[in-house]
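In what follows, a single structure is set out as structure tokens and then discussed.
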Amino acid sequence: DQQVKQNSPSLSVQEGRISILNCDYTNSMFDYFLWYKKYPAEGPTFLISISSIKDKNEDGRFTVFLNKSAKHLSLHIVPSQPGDSAVYFCAASVSSGYALNFGKGTSLLVTP
Amino acid sequence: NAGVMQNPRHLVRRRGQEARLRCSPMKGHSHVYWYRQLPEEGLKFMVYLQKENIIDESGMPKERFSAEFPKEGPSILRIQQVVRGDSAAYFCASSPATGGYEQYFGPGTRLTVT
């Protein structure tokens, strides 16, 4: 069963605008969440993470928001750049554990 | 500081052959994880190892798949008697500790079974 869901397979955004990627999870035991970026034929690259004790974490152009009651998190990229075009994976785990549970990914295209 | 290394990057095997995938973790990392990505899917956890120990192999298929992380050398994911359904990208990740730490991924090995 898919415990982490990314319901938008793709997203297209103009350069300079905000990109918002969404992720939902079903397992209430998850308390550590991560976003990874992946280019074709490469491995996932860690972007940003958030623990359930926070509702927001920011790193440069990337901000992750966590809504525990809704079991929902989102990644905001501001401003979006063409180099941000990639597949973005949401992942979740139990902080006392180790296995990351991944969504199927959202393909982001940032157009000039 | 070299990242996670995986080799080979591409591997072609005929049905019934064996596939060996290697992973060297980042320097200072003693925790290794293997994931598999099927086409159009997310990554699925397979196994978690520390040096000379398999901690959790709950994501590994029951037959034909095995993993090891010896005291010296890389971690190895071994698939015996490969079938077409084993065709996938296999990613290795490492972390300095476990529980609440991000995992750093290698470039993956793309296995094609003909």
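Quick check, is A:Phe30 in a strand (DSSP E or B), within 14 Å of A:Cys90 (Cβ to Cβ), within 13 Å of chain B (Cβ to nearest Cβ) and at pLDDT below 95? Lay out the reasoning, then the answer.
On the way: in a strand (DSSP E or B): no; within 14 Å of A:Cys90 (Cβ to Cβ): yes; within 13 Å of chain B (Cβ to nearest Cβ): yes; at pLDDT below 95: yes.
Judged against the criteria, A:Phe30 is not a match.
Here B:Leu38 meets each of (1) closer than 14 Å to A:Gly43 by Cα; (2) crowded, with 17+ Cβ neighbours inside 10 Å; (3) among the hydrophobic types (A, V, I, L, M, F, W, C) with one exception, condition (2).
Selection of segment A:50-92 for residues being among the hydroxyl-bearing types (Ser, Thr, Tyr), surrounded by fewer than 19 Cβ atoms within 10 Å (Cβ to Cβ) and not in a loop (DSSP other than H, G, I, E, B) yields A:Ser51, A:Thr63, A:Ser74. Here is a check on your reading of the model: is A:Ala41 under 28 Å from B:Gly59 (Cα atoms), out of contact with any Gly (no Cβ under 7 Å at 6 or more places or on another chain), surrounded by fewer than 13 Cβ atoms within 10 Å (Cβ to Cβ) and not hydroxyl-bearing (Ser, Thr, Tyr)? Against the criterion (under 28 Å from B:Gly59 (Cα atoms), out of contact with any Gly (no Cβ under 7 Å at 6 or more places or on another chain), surrounded by fewer than 13 Cβ atoms within 10 Å (Cβ to Cβ) and not hydroxyl-bearing (Ser, Thr, Tyr)), A:Ala41 qualifies. Looking across segment A:21-38, just one residue is surrounded by fewer than 18 Cβ atoms within 10 Å (Cβ to Cβ) and under 17 Å from A:Leu109 (Cβ atoms), and that is A:Asn22. Listed by position, the strands (runs of 3 or more DSSP E) contained in segment B:8-114 that have at least 1 residues being within 10 Å of another protein chain (Cβ to nearest Cβ) are B:10-13, B:31-37, B:43-50, B:53-56, B:88-95, B:109-113.
The values are calculated or read from the model by the stated rules, or taken from the named source; none is laboratory data. Since the structure is predicted, the reported quantities are computational estimates derived from the model, not experimental observations. Quick reminder, even Gly has a Cβ in these numbers, built from the backbone with ideal geometry, and neighbours come from all protein chains shown.
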